[in-house]
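The values are calculated or read from the model by the stated rules, or taken from the named source; none is laboratory data. Here the structure is a predicted model, which is why all the values come from computation and not from measurement. Counting neighbours? That spans all protein chains shown, and the Cβs are built from the backbone with ideal geometry, glycine included. Just so you know, the surface numbers come from the protein's heavy atoms only, side chains and all, with ligands and any DNA or RNA stripped out. Shrake-Rupley method; radii C 1.70, N 1.55, O 1.52, S 1.80 Å.
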Amino acid sequence: MAKTVAEIMTRDPIVVTSQTSLDEAIQIMAERRFSGLPVVDAAGKLIGIISQGDLMWRESGVTPPPYIMVLDSVIYLENPAKYQRDLHKALGQTVGEVMSTNPQTIRPEKSLREAAELMHEKGVHRLPVIDSEGKPIGILTRGDIVRAMATEEG
């Protein structure tokens, strides 16, 4: 019988809010060896996720978009709005300023196969598991799926 997400997810995930300081989120992630944390609003509903990738902006910096000058006019070769978003992420002080919004999620009754396909298709490393109210009740990682496969084989 196929295993469900609920059977192997990590229950009661540690969450942060959009007002949590980046320093606090980084500390939690480093101490617990997490690659990401669900972000919830005041009602406990999932609104985003903060990942190691989101935090890399602090260290990597931001490159201005390439442009050319023509008779005192600047013509951007890339969308300058992307630069503004990247700059805001690099300078952010709270989780809400750097988190990724609209994260991929999954429901606990879904199969591991469905979870693995979603992770592969969307290129995500973790899926917050949400209840019918949109509140995170667990988290499922690629490592969880691989470990479940190993126990099935063994």
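Kindly check whether there is at least one residue in region 118-128 that is outside any helix (DSSP H, G or I), in contact with a Ser or Thr (Cβ under 8 Å, 6 or more places away or on another chain) and at pLDDT 95 or above.
The answer is yes; a qualifying residue exists.
Residues in region 134-154 that are more than 26 Å from L46 (Cα to Cα) and free of Cβ contacts under 8 Å to residues at least 60 places away in the same chain: how many?
5
I need the full set of residues from region 129-154 which are part of a helix (DSSP H, G or I) and open to solvent by 40 Å² or more (accessible area, probe 1.4 Å), in order please.
Result: R142, V146, R147, M149, A150, T151, E152, E153.
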